[in-house]
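Student: Pasting a structure below so you can have a look.
The values are calculated or read from the model by the stated rules, or taken from the named source; none is laboratory data. Everything quoted here is computed from the prediction, not taken from an experiment. Reconstructed Cβ throughout: ideal geometry from the backbone, glycine too, with neighbour counts over all protein chains shown. These area figures cover heavy atoms from the full protein model, side chains too; ligands, DNA and RNA do not enter into them. Shrake-Rupley method; radii C 1.70, N 1.55, O 1.52, S 1.80 Å.
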Amino acid sequence: MKKLQAPRGTLDVLPPDARRRLRIVEIAGDVLGRAGYEPIETPVFEDTELFVRGVGESTDIVQKEMFTFEDKAGRSLTLRPEATAGVCRAYIEHGMHKLPQPVKVWTAGPFFRHEAPQAGRYRQFTQIDAEALGSDDPTLDAELILLLAEIFERAGTGPSRLRLSSLGTPATRADYIDELRTYLRTREAELSGEVRERLEQNPLRAFDADHAGTQAVMAEAPRLTDRLSSEDAEHFAEVRALLDAAGMPYELDPTLVRGLDYYTRTVFEFESERLGAQAALGGGGRYDGLIEELGGPPTPGVGWAAGVERMLLAAGDESPARAPTVFISYAAPDTGRDRFLLARELRGAGYRVEMEQAGRSLKGQLKQADRVGAFATVIFGDSIEVKDMETGDQREAADLEEALGMVRDVTPS
Ligand code: AMP
């Protein structure tokens, strides 16, 4: 029979990786929770129109990467390629603008993009996402950046570089794009074929080019950050001042182009030196026009998304330590109920407890105790004995209660 496999670009996450991933999400929940971000969950699929309007018709995501299907009534649905549009839809649908602002939320889960799979790039991947809706206060931009840096730090993803820029308003950006296009036309002969082809549609892409001639042209190109309105420039200056005050290093990068249309003002991206071509660990920015674009009241917003698979790749495969474990083994098979009860009691006392459940020899059981990293093994034979796995000392207990006390005595602090 043909062997069945997971679809291309998807991952099975087996233990211990699944535990490490869960741990990262727990870290994010802890860090964000302390800053007032509450968990939110939105559906994994939405009306296709949400992403067409929210992410932007001209983006790669909408043009090439969405998993879109029809339901039985002929409605077009799409597996979510990103989180912000869904969170904004929920904000509007549930009248969350009536709540005290800003509304701060975070979520984590699967996202889907039909991209060419490679290391760090999958068709189903996991993002942690945080959003603050209903205020354009620059402390939110800075707070979100610092919280993401703290999550990376605690997840052990290693050194990363923060690129930061401001895109201004859509009007500023439209004027700037015209200016850039005009400039590029004056030096068209020096540009790569690909950039020339895209000149009409998206001249910003020229900043991403590898082509040496194009790079030389771009080095002298006008910069969007020099064209910001005074309000936007002030907002950006305040975000930078807050990051400076917090000692958060960043690189101003006026060439930062993000793949979603909805950004205004602040944009940022963290890149890891430990990742290859897919270096982006996470990024985001402000989207002050998005909620209105989706049919809600004018509402500013700012947020980010970080890729859990990439965070794990960057962190390497050092597993977070398991909780102290007790292993329960036996030489006398007829002690099953006592073993079962002791396991229950030890778990109730907060221990992680594994017991022999595969019929191994006593020697095999002790090997298994080592494998699971047990600090103590309780052996049920003619008597009950507690073995300190660190020192090898073994003591006899009169009953279950004394055994529990002995486990306590050898518990690592
Ligand atoms: P984006 O919304 O494109 O800025 O994505 C935010 C983060 O999600 C990126 O920085 C990556 O860490 C992660 N990410 C995006 N696309 C993929 C993908 N196809 N596979 C794995 N991770 C991804």
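Student: Can you name the condition, by its number, that residue 394 falls short on among (1) under 43 Å from the mean Cα position of the chain (by Cα); (2) more than 22 Å from residue 337 (Cβ to Cβ)?
Tutor: (1)
Student: Hey, residue 68 hits all of (1) open to solvent by 40 Å² or more (accessible area, probe 1.4 Å); (2) at pLDDT below 95; (3) of a type in the set (Ser, Thr, Tyr) but one; which does it fall short on?
Tutor: (2)
Student: Right, next: Taking the condition acidic (Asp, Glu) and within 13 Å of residue 166 (Cα to Cα), does residue 200 pass?
Tutor: No.
Yes/no matrix, rows are residues, columns are (1) within 16 Å of the ligand (Cβ to nearest atom); (2) in contact (Cβ under 8 Å) with a residue 60 or more places away in the chain; (3) within 19 Å of residue 84 (Cα to Cα); (4) not acidic (Asp, Glu):
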site: 289; (1), (2), (3), (4): no, yes, yes, yes
site: 292; (1), (2), (3), (4): no, no, yes, no
site: 301; (1), (2), (3), (4): yes, yes, yes, yes
site: 305; (1), (2), (3), (4): yes, yes, yes, yes
site: 312; (1), (2), (3), (4): yes, yes, no, yes
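Student: If you don't mind, there's one more thing I want to ask. Which of the residues that make up region 11-24 are open to solvent by 40 Å² or more (accessible area, probe 1.4 Å) and of a type outside the set (A, V, I, L, M)?
Tutor: Those that are open to solvent by 40 Å² or more (accessible area, probe 1.4 Å) and of a type outside the set (A, V, I, L, M): 12, 15, 16, 17, 19, 21, 23.
Student: More than 12 Å from the ligand (Cβ to nearest atom) and open to solvent by 40 Å² or more (accessible area, probe 1.4 Å) - does that describe any residue in region 81-91?
Tutor: The answer is yes; a qualifying residue exists.
Student: Let me ask something else about it. Please enumerate the residues belonging to region 366-383 that are open to solvent by less than 80 Å² (accessible area, probe 1.4 Å) and free of Cβ contacts under 8 Å to residues at least 24 places away in the same chain. Quick ask: steps written out before the conclusion?
Tutor: Initially, region 366-383 is screened for residues open to solvent by less than 80 Å² (accessible area, probe 1.4 Å), giving 366, 368-369, 372-381, 383.
Scanning region 366-383 gives a single hit, 383.
Student: Of all residues in region 92-102 being outside any loop (DSSP other than H, G, I, E, B) and under 16 Å from residue 289 (Cα atoms), which is farthest from the ligand (Cβ to nearest atom)?
Tutor: 97
Residues are listed down the side, and each one gets a yes or a no for (1) open to solvent by 40 Å² or more (accessible area, probe 1.4 Å); (2) touching a Leu at 6+ places or on another chain (Cβ under 8 Å):
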{"residue": "98", "(1), (2)": "yes, no"}
{"residue": "103", "(1), (2)": "no, yes"}
{"residue": "114", "(1), (2)": "yes, no"}
{"residue": "120", "(1), (2)": "no, yes"}
{"residue": "128", "(1), (2)": "no, no"}
{"residue": "131", "(1), (2)": "no, no"}
{"residue": "137", "(1), (2)": "yes, no"}
{"residue": "150", "(1), (2)": "yes, no"}
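Student: Of everything in region 262-286 that's more than 9 Å from the ligand (Cβ to nearest atom) and aromatic (Phe, Trp, Tyr), which residue is farthest from residue 51 (Cα to Cα)?
Tutor: Among those that are more than 9 Å from the ligand (Cβ to nearest atom) and aromatic (Phe, Trp, Tyr), it is 268.
Student: Within region 205-221, take every residue that is surrounded by 13 or more Cβ atoms within 10 Å (Cβ to Cβ) and part of a loop (DSSP other than H, G, I, E, B) and give me the one that is modelled with the lowest pLDDT.
Tutor: Top of the filtered list is 209.
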